[in-house]
1. Residue check: is LEU214 assigned to a helix (DSSP H, G or I), buried (at least 17 other Cβ atoms within 10 Å of the Cβ) and more than 23 Å from the chain's Cα centre (by Cα)?
2. Assuming PHE47 fulfils every condition listed in (1) more than 27 Å from GLY274 (Cα to Cα); (2) free of Cβ contacts under 8 Å to residues at least 60 places away in the same chain apart from one, which condition is it?
3. Are there any pairs with C-beta distances below 8 angstrom linking a residue in the range 117-141 that is aliphatic (A, V, I, L, M) and modelled with pLDDT under 85 to a residue that is surrounded by fewer than 17 Cβ atoms within 10 Å (Cβ to Cβ) and assigned to a strand (DSSP E or B), with the two at least 6 apart or on different chains, and if so which?
4. Could you give every pair whose Cβ atoms fall below 9 Å, whose first residue belongs to the range 6-29 and is in contact (Cβ under 8 Å) with a residue 12 or more places away in the chain, and whose second residue is of a type in the set (Lys, Arg) and exposed (fewer than 14 other Cβ atoms within 10 Å of the Cβ), counting only separations of at least 6 or pairs across chains?
5. Those residues that are more than 14 Å from ILE82 (Cα to Cα) and aliphatic (A, V, I, L, M), I need them from the range 25-63; list them, please.
6. Considering (1) in a helix (DSSP H, G or I); (2) closer than 12 Å to ILE192 by Cα, say which one ARG295 fails and leave the rest.
7. Report, by residue number, each residue of the range 232-243 that is free of Cβ contacts under 8 Å to residues at least 60 places away in the same chain and out of contact with any His (no Cβ under 9 Å at 6 or more places or on another chain).
8. Out of all the residues in the range 305-320, which are out of contact with any strand residue (DSSP E or B) (no Cβ under 8 Å at 6 or more places or on another chain) and either modelled with pLDDT of 85 or more or closer than 20 Å to ARG254 by Cβ (or both)?
Amino acid sequence: MKVHVLEVAWSEFADRLRAIRGAVFIDEQRVPKDIEWDGLDDAATHFLAIDEAGRDLGCARLMPSGQIGRMAVQRDYRGNGIGAALLREAVRSAEAQGHSEVFLHAQTHAEGFYAEHGFLAEGEEFLEADIPHRNMRRKLAIAYPGEATPVEVPDDLQPQQQRTMGSFFDNEPQALAALCAGLDVALRNLAIYSHFLDPAYFDQANSIERLSTLARRARNSEIRILIHSTSIIISRGHGLIELARRLPSSFQVRIVDADYNPPDSCFAVWDGCGFWRLADYREPNGVMRNDDPVRARQLTDTFDQLWGRSKTDPNLRLLRL
């Protein structure tokens with residue numbers, strides 16, 4: 001089934017949107033009418049999913065607060081990717097409106113669906129219209145409006161470089177350029193996992209400048225760095241570690257537990273939606289994606305597991321500044 005999602009005005013499409021929501025929420029799920037018709041629809045951005053014949057399949061809305069809700073798909077058309085198409089369009093619209101994040105109240109049976117699209121559950125379950133829900137939130141990859149210092153991108157990367165989507169790379173200059181392109185759109189949360197914080201990527205002026213900008217961009221910026229050993233770093237110095245020491249409110253640096261068998265990959269993951277990854281930290285072959293929340297969440301989960309088995313290293317204080 002081919003699905004088209006339209007952004008529509010409530011004033012023009014209220015009857016069609018009401019018909020979908022009435023059938024799904026009021027008739028099927030027994031949501032009280034006074035809860036469903038909450039008086040907020042005039043202020044919302046609405047989305048209508050139709051097929052090629054113009055049949056109404058589903059709907060959703062986006063509130064000025066960044067809340068996505070009233071996600072409904074007609075019973076006879078479920079299982080055709082309609083909900084995913086509606087959700088993608090709502091997220092796209094939120095980015096275009098300048099939201100830094102979106103959130104929603106997910107019925108608990110649908111948590112897995114939203115998790116696959118980059119939403120993270122938070123808080124305890126609660127009842128809404130006598131139906132169990134969880135609050136879920138997703139950071140949006142919106143480019144920082146300030147001026148970013150241009151990256152010198154190798155010529156052989158130019159044809160495949162798509163900063164809004166990502167790029168593949170297979171040598172160190174390409175890998176560095178891709179990392180910088182990702183850091184340009186990181187907003188506030190960044191996790192770096194690197195065995196020895198490879199200087200080819202993390203001790204370069206281009207990447208350090210962007211990390212410094214990210215750390216100073218917002219008061220709640222959080223940059224976590226996991227490494228395996230400080231011996232090489234201490235012996236030669238490292239610009240990123242020196243930056244972390246100067247900005248301790250934004251940076252945390254820890255050492256992975258030596259008894260833990262960690263992956264050979266090297267990666268950076270940001271804002272729950274973008275990542276840069278080497279399959280093997282010894283080889284400059286990898287990929288960068290700015291909008292892949294499923295893979296970004298997987299990498300974040302891996303990082304959090306490693307972080308939970310890590311510790312601070314007093315030897316970092318021996319680094320020269």
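The values are calculated or read from the model by the stated rules, or taken from the named source; none is laboratory data. Just so we're clear, the structure is a prediction, and the values are computed from it rather than from any experiment. We place every Cβ from the backbone using ideal geometry, glycine too, and count neighbours over all the protein chains shown.
1. Values: assigned to a helix (DSSP H, G or I): yes; buried (at least 17 other Cβ atoms within 10 Å of the Cβ): yes; more than 23 Å from the chain's Cα centre (by Cα): no.
The answer is no for LEU214.
2. Here PHE47 meets the rest and fails (1).
3. LEU140/GLU101
4. From residues that are in contact (Cβ under 8 Å) with a residue 12 or more places away in the chain, the pairs are GLY22/LYS33; ALA23/ARG75; VAL24/ARG75; GLU28/ARG75.
5. ILE26, VAL31, ILE35, LEU40, ALA43, ALA44, ALA53, LEU62, MET63
6. (2)
7. Step one: list which residues in the range 232-243 are free of Cβ contacts under 8 Å to residues at least 60 places away in the same chain, which gives 232, 235-236, 239-240, 243.
Across the range 232-243, the qualifying residues are SER235, ARG236, GLY239, LEU240, LEU243.
8. Taking the range 305-320 first, the residues out of contact with any strand residue (DSSP E or B) (no Cβ under 8 Å at 6 or more places or on another chain) are 305, 308, 314-315, 317-320.
Once the filter is applied, which keeps residues that are out of contact with any strand residue (DSSP E or B) (no Cβ under 8 Å at 6 or more places or on another chain) and either modelled with pLDDT of 85 or more or closer than 20 Å to ARG254 by Cβ (or both), the range 305-320 yields GLN305, GLY308, PRO314, ASN315, ARG317, LEU318, LEU319.
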